[in-house]
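The values are calculated or read from the model by the stated rules, or taken from the named source; none is laboratory data. Because the structure is predicted, anything quoted here is derived from the model rather than measured. Note: ideal-geometry Cβ built from the backbone for every residue, glycine included; neighbour counts use all protein chains shown.
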Amino acid sequence: MSTPRFLLHHGLRSRSARILWLLEEAGLPFELHVHDLQKGTHKAPALTDHNPHGKVPTLIDRGPDGTWSTVVTESAAICLHVADQALAAGTARLAPPLHAKERGAYLTWMLYTPAVLEPAFTDAAFPRVAAPPASSLGWAPLDEALARVESALKTGPFLLGEMFSAADIMVGGMLSWLTAWQKLPADHAVFAPYIAALNARPAGQRARARDAELLAAREAAAT
Ligand SMILES: N[C@@H](CCC(=O)N[C@@H](CS)C(=O)NCC(=O)O)C(=O)O
């Protein structure tokens, strides 16, 4: 068997779960290097040689003919990269092509999670002692940010309408997380059906099943 195209440095129950789902959607061969975040295996050279922060997800792309060793860090950058590579390889359509008008909305929603939703969530979950001037923050408050996502989903079922894209992995993954953190009601009129539509995707189900197996194997090994 030839070497898989991608190697994902992965942590169980972490942000890299979205990238495992993305890779299942992309249809290009990949392998995992699973880290134990509790034991700190992600702070060893196997990962820090590629990502000085020692953070997951980190992706190595060996390229279409195996001659690259391109490193991509940051979940949104990984989504953009893999979606474009899958488009070029013809294995999946997870991004609108460069010339498509949907590209603007796609890029906006792709970056919205790390640039707005995650910082807004952090502000809401861990309030600051002194509030900085709102105009100095690069993101809207969480309720305002969520209202924008809600309005984008009016047409649905996905952020770009009928087309599922890698941006849904970033935004949808974050909404699931906010629901788990009880920052969103589980029966929200717009987000609950959106999350249900995302949860119904076979690639996401495969990714979650694989994560659950890896976790069970780790727990069995620890006993
Ligand atoms: N901005 C990064 C964040 C990555 C990140 O913080 N990952 C966490 C897991 S959810 C991690 O690796 N934590 C381990 C550590 O920092 O020691 C992304 O979106 O990919």
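Here's the yes/no breakdown for (1) outside any helix (DSSP H, G or I); (2) without any contact (Cβ under 8 Å) to a residue 40 or more places away in the chain; (3) not assigned by TED's automatic domain parsing to the domain that holds GLY11:
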| position | (1), (2), (3) |
| --- | --- |
| LYS154 | yes, yes, yes |
| VAL171 | no, no, yes |
| PRO185 | yes, yes, yes |
| ALA197 | no, no, yes |
| ALA207 | no, no, yes |
| ALA212 | no, yes, yes |
| GLU219 | no, yes, yes |
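Exactly one residue out of LEU142, LEU137 is over 20 Å from PHE158 (Cα atoms) and surrounded by 15 or more Cβ atoms within 10 Å (Cβ to Cβ): that is LEU142.
Among the residues of region 28-49, those that are crowded, with 18+ Cβ neighbours inside 10 Å and not in a strand (DSSP E or B) comprise HIS42, LEU47. Listed conditions (1) in contact with a Lys or Arg (Cβ under 9 Å, 6 or more places away or on another chain); (2) under 22 Å from GLY27 (Cβ atoms) are all met by GLU162, apart from (1).
Listed conditions (1) closer than 17 Å to ARG210 by Cβ; (2) within 13 Å of the ligand (Cβ to nearest atom); (3) crowded, with 18+ Cβ neighbours inside 10 Å are all met by ARG13, apart from (3).
Residue by residue, here is whether (1) at pLDDT 95 or above; (2) within 16 Å of the ligand (Cβ to nearest atom); (3) surrounded by 17 or more Cβ atoms within 10 Å (Cβ to Cβ) holds:
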position: LEU87; (1), (2), (3): yes, no, yes
position: ALA92; (1), (2), (3): yes, no, yes
position: THR108; (1), (2), (3): yes, no, no
position: THR113; (1), (2), (3): yes, yes, yes
position: LEU117; (1), (2), (3): yes, yes, yes
position: PRO127; (1), (2), (3): no, no, no
position: PRO133; (1), (2), (3): no, no, no
position: ALA147; (1), (2), (3): yes, no, no
position: ALA166; (1), (2), (3): yes, yes, yes
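Whenever a residue of region 47-59 is without any contact (Cβ under 8 Å) to a residue 60 or more places away in the chain and within 13 Å of ARG15 (Cα to Cα), its partners that are near the ligand (Cβ under 6 Å from one of its atoms) and part of a loop (DSSP other than H, G, I, E, B), lying with C-beta atoms within less than 8 angstrom and at least six residues away or across chains, give the pairs VAL56/SER14; VAL56/ARG15; VAL56/LEU37; PRO57/SER14; PRO57/ARG15. For ALA221, the conditions (1) surrounded by fewer than 13 Cβ atoms within 10 Å (Cβ to Cβ); (2) under 19 Å from the mean Cα position of the chain (by Cα); (3) of a type in the set (A, V, I, L, M, F, W, C) all hold with the exception of (2).
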